[in-house]
Amino acid sequence: MTGKNQNCCLRIPPPGLPIKSELRDQFYALFLLMYVTTILGNLLIIVLIRLDSRLHTPMYLFLSNLSFSDLCFFSVTMPNLLQNMQSQVPSIPYAGCLTQMYFFLFFGDLESFLLVAMAYDRYMAICFPLHYTTIMSPKLCLSLVVLCWVLTAAHAMLHTLLMAKLSFCADNIIPHFFCDVSTLLKLACSDTRISELVIFIMTGLILVIPFLLIVMSYARIVSSILRVPSARGIRKAFSTCGSHLSVVSLFYGTVISLCLSPSANNSAVKETVMAVMYTVVTPMLNPFIYSLRNRDMKGALGRVFCGKKIPFSV
Ligand SMILES: *[C@@H]1O[C@H](CO)[C@@H](O)[C@H](O)[C@H]1NC(C)=O
């Protein structure tokens, strides 16, 4: 028998974040501002890429997908966090918790797979410039995106099913601001060894394989530039890969620092701060990294919003 039914509600300790109550309003305003910035920034990228036919290239279509995934990733945790900061008895229903976990994993993984697709695209653009347009056909791009969706849906579903099998005992308080896999595992009363092992292995694979693929793409890019070193080649590589490389470093930088920080002395506060880093800061910065450093995006901004006619290219 499981005790799920009598524990329909998992409580999140007020305010879900270790914040002093005097500062709660300031933090609320800060998070609201970050939420609005992220939504608007990513929406702007999606709209720009949709409207400007010059940006209908694989790189920007992947970027638009990445923005969409950032937007959703952020919306999985943020509204609930904001609501809990205002409520006296913050709580989340059991089903809501599992749903949140599913979509959190889904969009988190999607982001890491899309970064691989983008790295592959850059690799093709730099190492095979002459065959680039034939290789990266719309059909291949769409297949890559669909593959990303299928893999992450399967992975998130596996985790969620494993979690749904566990039972939780009376009065569960989640010492975190969202339903995170490792936090929920610690709360479960049933035997979690198998789930923990599967989750550990799968998470490792889902993080390490994309990371290795990205490193491999960049190793090839660097070696192809070094073979025929020229100032122009290096500049071209930097201008096309710079933004992607920044986003990759930000994403894996936070993930790796999270994994490397020893779990033994991980206080709840430190864990929460790290989680804020990867749930809030990464999706918020992506649009800025891409738009501010990128001439094409700025050009598109001018064309779309300053009323200049957009020429339709074939
Ligand atoms: C995602 O990428 C596919 C394939 O390149 C593209 O057709 C689709 O429009 C993109 N989706 C979004 C939301 O940009």
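The values are calculated or read from the model by the stated rules, or taken from the named source; none is laboratory data. Since the structure is predicted, the reported quantities are computational estimates derived from the model, not experimental observations. Methodologically, a virtual Cβ is constructed for each residue, glycine included, from the backbone with ideal geometry; neighbour enumeration extends over all protein chains shown.
One table, with the values for the structure above:
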item	result
Matching entry among ILE221, ILE214, ILE199 (being in contact (Cβ under 8 Å) with a residue 40 or more places away in the chain, in a helix (DSSP H, G or I) and within 30 Å of ALA164 (Cβ to Cβ))	ILE199
Matching residues in region 89-127 - criterion: being of a type in the set (Phe, Trp, Tyr) and in contact with a strand residue (DSSP E or B) (Cβ under 7 Å, 6 or more places away or on another chain)	TYR94
Restricting region 119-146 to residues that are more than 11 Å from the ligand (Cβ to nearest atom) and in contact (Cβ under 8 Å) with a residue 12 or more places away in the chain, the residue that is surrounded by the fewest Cβ atoms within 10 Å (Cβ to Cβ)	CYS127
Evaluation of GLY204 against (1) at pLDDT 85 or above; (2) more than 16 Å from the ligand (Cβ to nearest atom); (3) surrounded by fewer than 18 Cβ atoms within 10 Å (Cβ to Cβ); (4) under 20 Å from the mean Cα position of the chain (by Cα) (one fails), failing number	(1)
Residue ID - nearest to MET118 (Cα to Cα), chosen from residues in region 22-50 that are within 12 Å of the ligand (Cβ to nearest atom) and surrounded by fewer than 21 Cβ atoms within 10 Å (Cβ to Cβ)	ILE46
Subset of region 277-294 [modelled with pLDDT of 75 or more and of a type outside the set (Ser, Thr, Tyr)]	VAL280, VAL281, PRO283, MET284, LEU285, ASN286, PRO287, PHE288, ILE289
Residue tally, condition out of contact with any Ser or Thr (no Cβ under 7 Å at 6 or more places or on another chain), more than 9 Å from the ligand (Cβ to nearest atom) and part of a helix (DSSP H, G or I), over region 51-65	3
